[in-house]
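The values are calculated or read from the model by the stated rules, or taken from the named source; none is laboratory data. Keep in mind that what you see is a predicted model, and the values were worked out from it rather than measured. With ideal geometry, Cβ positions are generated from the backbone for all residues, glycine too; neighbour counts draw on all protein chains shown.
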Amino acid sequence: MPKKVYTRTGIAGDTAADRRLLDVGIAPIGSPVAPALTEEPSASGDGILLQRNEFLHLFFNLTSTEPTAYYTLQIWWYSPISGRWHKGETLTINADDVSTIEVQGMDRIYVQVTNVSYGADANTTLEAWLGLVVPV
């Protein structure tokens, strides 16, 4: 039977900037700024609590002066059963993408930037937001 749902933010805040899950930027190759890769989760409190939702949406905004730029993201899931973080899906983001993921039974999500591909003269940024899908 179909359900009616609404999507609410997984991160509280007054503005879209306050509610971001990711905000990573890359300067041109050769500049003193290193690529914005992120670390794996390590503590049980890392990431965002999923609050027993069945599905979530990840919304992305990629801005780049290089049309072929992309980011590779590793999704991590925390389970209180094992007390560990586990590797999940790997996503390639190359536009203003949205991903829908079933998360029933998962406790926390962590998004790690593992690779960035962009041209030598490109400036690129990736923003992401977490939407929790709530049945009504």
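Some points to look at:
- The residue list Glu39, Glu89 contains one member that is surrounded by fewer than 18 Cβ atoms within 10 Å (Cβ to Cβ) and over 27 Å from Lys4 (Cα atoms), which is Glu39.
- Among the criteria (1) under 11 Å from the mean Cα position of the chain (by Cα); (2) among the polar types (S, T, N, Q); (3) under 26 Å from Tyr6 (Cβ atoms), the one Thr72 does not fulfil is (3).
- Of the residues making up region 45-79, those that are closer than 18 Å to Gln104 by Cα, in contact (Cβ under 8 Å) with a residue 24 or more places away in the chain and assigned to a loop (DSSP other than H, G, I, E, B) number 5.
- Here Arg108 passes the criteria (1) of a type outside the set (Phe, Trp, Tyr); (2) touching a residue at least 60 places away in the same chain (Cβ under 8 Å); (3) farther than 15 Å from Ile48 by Cα except the one numbered (3).
- Residues of region 80-121 classified as in a strand (DSSP E or B), over 14 Å from the mean Cα position of the chain (by Cα) and at pLDDT 90 or above, total: 3
- Residue satisfying condition, being under 14 Å from Thr38 (Cβ atoms), touching an Asp or Glu at 6+ places or on another chain (Cβ under 7 Å) and buried (at least 18 other Cβ atoms within 10 Å of the Cβ), within set Tyr71, Tyr110, Tyr118, Tyr78: Tyr110
- When each of Tyr78, Tyr70, Tyr118, Tyr110 is tested for being in contact with a strand residue (DSSP E or B) (Cβ under 6 Å, 6 or more places away or on another chain) and under 16 Å from Arg20 (Cβ atoms), the lone residue that passes is Tyr110.
- Scanning region 53-69 for residues that are over 25 Å from Tyr6 (Cβ atoms) and modelled with pLDDT under 90 yields Thr63, Ser64, Thr65, Glu66, Pro67, Thr68, Ala69.
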